[in-house]
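The values are calculated or read from the model by the stated rules, or taken from the named source; none is laboratory data. These figures come from a predicted structure and were not determined experimentally. In this analysis, Cβ positions are derived from the backbone assuming ideal geometry, glycine residues included, and neighbour counts consider all displayed protein chains.
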Amino acid sequence: MFDGVAPDYDRMEQLFAFGTGSWYRRQALARAGLAPGMRVVDVGAGTGLVAREAAWLVADPALVTGVDPSIGMLACARLPRGVRRLGGRAEAIPLADGSCDFLSMGYALRHVSDLGTAFGEFRRVLRPGGRLCLLEITRPEGRFTRALLRGYMRGVMPVVTRLVAPSVARRRMWHYYWDTMEAAAPPAQVIRALEAAGFAGARRHIPTPLLSIFAEYQAMKPGA
């Protein structure tokens, strides 16, 4: 499905995020400690929405590697020259131990089949003292808010998508997104899984109460 929607993915994301996605991603990475000169691995890189902001913050695209299981998404990624693209999954990252200073994941955590295995891989590829930032959308707790978001993602967005990118696969993607949100691990379980994998200071940061469905999970690999 993601291979099929890759050519129009960025355009659909802009519609969903009302054009704020780029700014927000950059701010979230900076809040988690990403700074110039750090080596970054972006897991679930897709079309490079997070990797592009990471390359800007570290001031050298050659320091950024994007990993994704969808070759179609990676092929359509609009990335600065020098960013490395690798096929791979969160549960089996094709990189050596301690190969990065910072690991990011943008809105792909709910697609991971085994949090424990994935977080173990995240810890393995990070150097001691390395940081991670996982951006995710979580299901609203209130029934009214949940019903509104469900209607937006399963009703409004497929209609809008039909107008700008007519394809059954593209419309089906919004249903898939909502289904994965409903089935996603709750925040407390994510924090526990990070701690069980050996991360320190695991926390969930909500940028604003008005957008509480957006969360940033931050943690650090212990060490020098």
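Which of (1) touching a Ser or Thr at 6+ places or on another chain (Cβ under 6 Å); (2) of a type in the set (D, E, K, R); (3) farther than 20 Å from Met1 by Cα is the odd one out, the single condition Arg81 does not satisfy?
With (1) touching a Ser or Thr at 6+ places or on another chain (Cβ under 6 Å); (2) of a type in the set (D, E, K, R); (3) farther than 20 Å from Met1 by Cα applied to Arg81, the lone miss is (1).
Just to be sure before I move on: is Ala90 within 17 Å of the chain's Cα centre (by Cα) and within 26 Å of Gln189 (Cβ to Cβ) in the structure I sent?
Values: within 17 Å of the chain's Cα centre (by Cα): yes; within 26 Å of Gln189 (Cβ to Cβ): yes.
It is true that Ala90 is within 17 Å of the chain's Cα centre (by Cα) and within 26 Å of Gln189 (Cβ to Cβ).
Could you list all residues from the stretch 61-83 that are charged (D, E, K, R) and buried (at least 17 other Cβ atoms within 10 Å of the Cβ)? Lay out the reasoning, then the answer.
Pass one, the stretch 61-83, residues charged (D, E, K, R): 68, 78, 81.
Listed by number, the list holds a single entry, Asp68.
Going by the structure shown, is Gly116 surrounded by fewer than 18 Cβ atoms within 10 Å (Cβ to Cβ), part of a loop (DSSP other than H, G, I, E, B) and either in contact with a helix residue (DSSP H, G or I) (Cβ under 8 Å, 6 or more places away or on another chain) or at pLDDT below 95 (or both)?
no
Going by the structure shown, is Pro158 modelled with pLDDT of 65 or more, surrounded by 13 or more Cβ atoms within 10 Å (Cβ to Cβ) and outside any strand (DSSP E or B)? Let's see the steps before the verdict.
Values: modelled with pLDDT of 65 or more: no; surrounded by 13 or more Cβ atoms within 10 Å (Cβ to Cβ): yes; outside any strand (DSSP E or B): yes.
No: the conditions fail for Pro158.
Output the number of residues of the stretch 102-113 satisfying the condition of being outside any loop (DSSP other than H, G, I, E, B), surrounded by fewer than 21 Cβ atoms within 10 Å (Cβ to Cβ) and of a type outside the set (D, E, K, R). Break it down stepwise before answering.
So the first thing to find is which residues in the stretch 102-113 are outside any loop (DSSP other than H, G, I, E, B), and the list is 102-106, 109-111.
Narrowing further to those that are surrounded by fewer than 21 Cβ atoms within 10 Å (Cβ to Cβ): 110-111.
Subset that is of a type outside the set (D, E, K, R): 111.
Final tally of qualifying residues: 1.
Limited to the stretch 119-148, what total is found for residues that are part of a helix (DSSP H, G or I), at pLDDT 90 or above and either among the hydrophobic types (A, V, I, L, M, F, W, C) or within 12 Å of Gly44 (Cα to Cα) (or both)? Before you say what the answer is, go through the steps one by one.
Looking only at the stretch 119-148, we keep the residues that are part of a helix (DSSP H, G or I), and these are 119-125, 143-148.
Filter again for at pLDDT 90 or above, leaving 119-125.
Now narrow it down to the ones that are either among the hydrophobic types (A, V, I, L, M, F, W, C) or within 12 Å of Gly44 (Cα to Cα) (or both): 119, 122, 125.
Qualifying residue count, the stretch 119-148: 3.
Quick one: which helices (runs of 4 or more DSSP H) sit completely within the stretch 18-101 and have at least 1 residues that are free of Cβ contacts under 8 Å to residues at least 12 places away in the same chain? Let's see the steps before the verdict.
Values: elements: 21-31, 49-58, 71-76.
Ranges flagged: 21-31.
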